[in-house]
1. Using the C-alpha gyration tensor of region A:3-279, what are the square roots of 5 times its eigenvalues, in whole angstrom, with the largest one first?
2. On the accessible surface of the protein assembly as shown, probed at 1.4 Å, how many percent belong to carbon and sulfur atoms?
3. With r defined as the distance between the Cβ atoms of B:LYS118 and A:HIS307 and R0 fixed at 41 Å, what FRET efficiency is calculated, to the nearest 0.05?
4. Which net charge results for the neighbourhood of A:GLY200, defined as the other residues with beta-carbon distances under 15 angstrom from its beta-carbon, given Lys and Arg at +1 and Asp and Glu at -1?
5. Compute the length gained on full extension between B:LYS73 and B:ASN181: take 0.36 nm times their separation in residues and subtract their Cα-Cα distance, giving the result in nm to one decimal.
6. How far is helix A:32-53 tilted off the main Cα axis of chain A, in degrees rounded to 10, range 0 to 90?
7. Step through the residues of region A:127-143 one at a time and calculate ³J(HN,Hα) from phi using the Karplus curve (6.51 cos²θ - 1.76 cosθ + 1.60, θ = phi - 60°), rounding each to whole Hz and writing x for Gly and Pro.
8. Counting only other chains, and only Cβ atoms inside 10 Å, what mean value do you get across the residues of B:222-230?
Amino acid sequence: MSSPQIEIQLIAAIVAMACAIPGVFLVLRKMALISDAISHSILPGIVIGFFVTQDLNSPLLILLAALTGVITVVMVEFIQKTGLVKEDTAIGLVFPVLFSIGVILIAKNANDVHLDVDAVLLGELAFAPFDRLLVGVADWGPKSLWVMGSILFITISLLILFYKELKVTTFDAGLSSVLGISPLVMHYGLMSVSSVTVVGAFDAVGAILVVALMIAPAATAYLLTEDLKKMIWLSVSFGVFSAISGYWAANFLDASISGSIATTLGVIFLATYLFAPKKGLISVLYRQKQQRIEVSLITFLLHLNRHEEESERHINHLQEHINWQAVRARTVLDLAEKNNLVEIENNVVSLTEKGLAFTEKSLEYIISNKDEKIEPMKEDFFLFRG
Amino acid sequence: MDTQKLAVQIDDLTVAYNYKPVLWDIDLSVPEGVLMAIVGPNGAGKSTLIKTILGIIKPIAGTVSIYGKPYSKQRKLVAYVPQKGSVDWDFPTTALDVVMMGTYGKLGWIKRTGQKEKKIALESMEKVGMLTYKNRQISQLSGGQQQRVFLARALAQDASIYFMDEPFQGVDATTEIAIINILKELRKAGKTVIVVHHDLQTVPEYFDWVTFLNVKKIATGPVKDIFNDDNLTKTYGINYKVAVNK
C-alpha cells in the first residue's frame with residue numbers, strides 16, 4: 001500500500017468513528033432525520049466561512065458552519081412549538097431554505113471561489129491527502145486527518161465525561177430534569193457535536209454521506225444488542241469496517257470512495273436486518289411460526305385432557321374436532337410424539353404422564369399468567385420465551 | 001395545621017399551553033407526611049400540576065415552594081415517577097441500570113456511579129421485589145415489572161417527597177397492592193407521597209389526603225373530611241356516586 005492509500009483509509013476510519021458516536025444517540029432519540037437536515041443546512045455556513053477564511057479546513061469555518069447546523073435545530077423547534085405543524089414538516093421547511101441560500105451564494109460567487117455544490121455534497125476522499133498540513137517546511141500529513149482527529153478526540157472526551165448524562169436524558173428527559181441534569185443542555189450539546197462532525201466530515205465524505213455514517217452503524221448495532229455501551233462499540237466497529245472495506249471496493253470497482261462506503265453500510269444493515277439473532281426478520285418469522293405450532297400443540301393437549309371418550313381422540317377425527325388442516329394436524333401430532341407428550345395406541349391418541357404434567361403446567365400458566373410457572377419449559381419451547 | 005410543616009406550597013399558579021390555561025390560579029398546601037391522591041377528569045391538569053411543581057413545565061404565573069424554598073434549591077429532597085408510557089422501553093439497558101439512574105441526582109454532573117450507588121439500587125430493587133430481574137433487559141419486563149422498576153428508581157433517589165404520575169396504570173392487582181404497600185411504608189417513615197390517581201373507588205382505602213382538580217382546584221384536605229359526593233360532583237361535573245361510607 002502506498003502512503004496516500006493508508007492516509008485515505010485512516011481518514012475514512014476516523015470520520016466513521018467520529019460520526020458513529022453521536023449517531024447512536026441520534027438514533028436512540030429518534031432524531032435521525034435531524035442529521036439529514038443539519039448536513040444540508042450547513043452549506044451557507046460553509047460558503048460564508050470560506051469567504052472569510054479561504055480555507056476549507058479552518059477551525060473558524062467549521063465553527064461558523066456548525067453554528068448554522070445548531071440554528072437549523074433551533075428554527076425547527078421554534079416552528080414545531082407553534083403547534084401548527086409537526087416536527088417532520090418543520091424539518092422539511094427549514095433545511096431546504098438554508099441549503100438553497102448556500103447554493104445561491106456559491107452560484108453568485110462561482111468565479112472567485114474554488115468551491116462547488118458537488119464537492120460539498122459528495123466530497124472526494126481521494127483528494128484528501130493532497131491538502132497537507134505544513135509546519136514550516138515539515139509535512140505533518142493531510143489536514144483533514146488533523147481536523148477529523150481533533151473532532152474525534154473531542155467527541156470521545158465528551159462521551160466519557162457525559163456518558164451518564166447522555167444516557168439518562170436520552171432515556172427519560174422528565175426524570176433528568178427533576179434530577180438537575182438539564183435535558184436541554186445535553187440536547188444542544190449533542191446537536192453541536194453532530195454539527196461540528198458533519199462540517200468536519202463533509203470535505204472528506206460529503207455532507208450527504210455523513211448521514212449514512214451517522215445513522216446506519218447505529219441502526220445496525222441497535223438490532224444486535226440491548227446494551228448501550230456495546231451499541232456504541234458495535235457502531236464504531238461497523239463504521240470503521242465499512243470505511244475500510246468501502247475503500248477497497250471503490251478501488252476494485254474504480255468508483256467513488258464515499259459512495260462505496262455508504263453502500264457497504266447499507267449492505268451490512270440489510271444483512272443484519274435479515275439475519276440478526278433476536279431482532280432479525282428471519283429469526284422473528286421463525287419464532288412466530290414456532291409459537292403458532294406450540295399454541296396449536298397446547299390446544300391439542302388440552303383437547304386430549306378434556307375428552308375421555310375414544311371417539312374424540314381418534315387419530316382420523318382430530319382434524320375435524322379441532323378444526324385444523326391436515327398438514328397442521330400432522331405437524332402438531334409429530335411434535336407431541338417427538339416430545340413424548342402423547343402416545344398412540346390403535347389410532348387413539350392419549351396423553352402420557354409427561355404430557356399430562358405439561359398440560360397442567362400450561363393451564364396453570366394460562367390462568368395465572370405467572371412467569372415462574374414456565375421457567376423450566378422455556379428451554380424446550382419458543383412459546384414460553386416470548 | 002399551622003404548626004405542621006408544609007412539604008409543598010403553591011400560590012396563584014397558572015399554567016398555559018399555547019395561551020390556553022390548563023391550570024388556573026391554583027393555591028395548594030400539602031402538609032408533610034401525607035399520602036395524597038390528585039384526582040380529576042382527563043385533561044384536568046393533574047400531570048401538568050406535578051410537572052410544574054417539579055420545574056419540568058414553566059408556569060406563566062405563581063410560585064411553588066418545597067419546604068419553603070424554590071424547587072431548584074430542593075432537588076435532592078424530591079423523587080419522581082413519570083408515567084410508564086413516557087419513556088421508550090426498547091432503550092438498550094437493564095433494569096438495574098434504570099434504577100441506578102435514581103442516584104444520578106445526588107451524584108451530580110460528570111461523577112460516575114460506584115459501589116455505593118449500586119448498593120442503593122440493589123436495595124431499592126429488593127424492596128419492590130425486582131431483585132431477580134436486575135439484569136433483565138427493560139424491553140423484556142411486563143408492564144407491572146416496569147412500574148416496579150420505576151418505583152425502585154424513585155426509592156433510590158432517597159427523597160423526602162415522592163411524586164408519582166399514575167403508578168397504577170396498566171398493572172395487575174398484585175402489583176397494585178405491592179406498590180400501595182410501599183407507598184404506605186414511605187408515609188410511615190415520615191415521607192410525603194403525592195400520586196396522580198384515576199381509580200376513585202380506591203381513594204379512601206389507599207390515601208389519607210386528597211386534592212380534587214379540574215383546571216381549578218376544587219378542594220383539598222383529609223380524605224375522611226372532603227371525599228364526598230359534593231366534591232366529586234363539582235370535579236367531574238356529573239352526579240358521581242361513590243360508596244364512600246360503605
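1. 28, 24, 18
2. Reported share for carbon and sulfur atoms: 59 percent.
3. 0.15
4. So the surrounding residues net to -2.
5. Stretched fully, the B:LYS73-B:ASN181 segment lengthens by 35.9 nm.
6. Relative to chain A, helix A:32-53 is tipped by roughly 10 degrees.
7. For region A:127-143, the Karplus curve yields 8, 3, x, 6, 8, 9, 8, 9, 10, x, 9, 6, 8, 9, x, x, 4 Hz.
8. Other-chain Cβ atoms within 10 Å of each residue's Cβ, averaged: 0.
The values are calculated or read from the model by the stated rules, or taken from the named source; none is laboratory data. Fair warning: this is a prediction, and the values are worked out from it, not measured in the lab. A quick note on method: Cβ atoms are made from the backbone with ideal geometry, for glycine too, and the neighbour counts reach across all protein chains shown. Ligands, DNA and RNA are stripped out before the accessible areas are found, and what is left, the full protein with its side chains, is counted by its heavy atoms. Shrake-Rupley method; radii C 1.70, N 1.55, O 1.52, S 1.80 Å.
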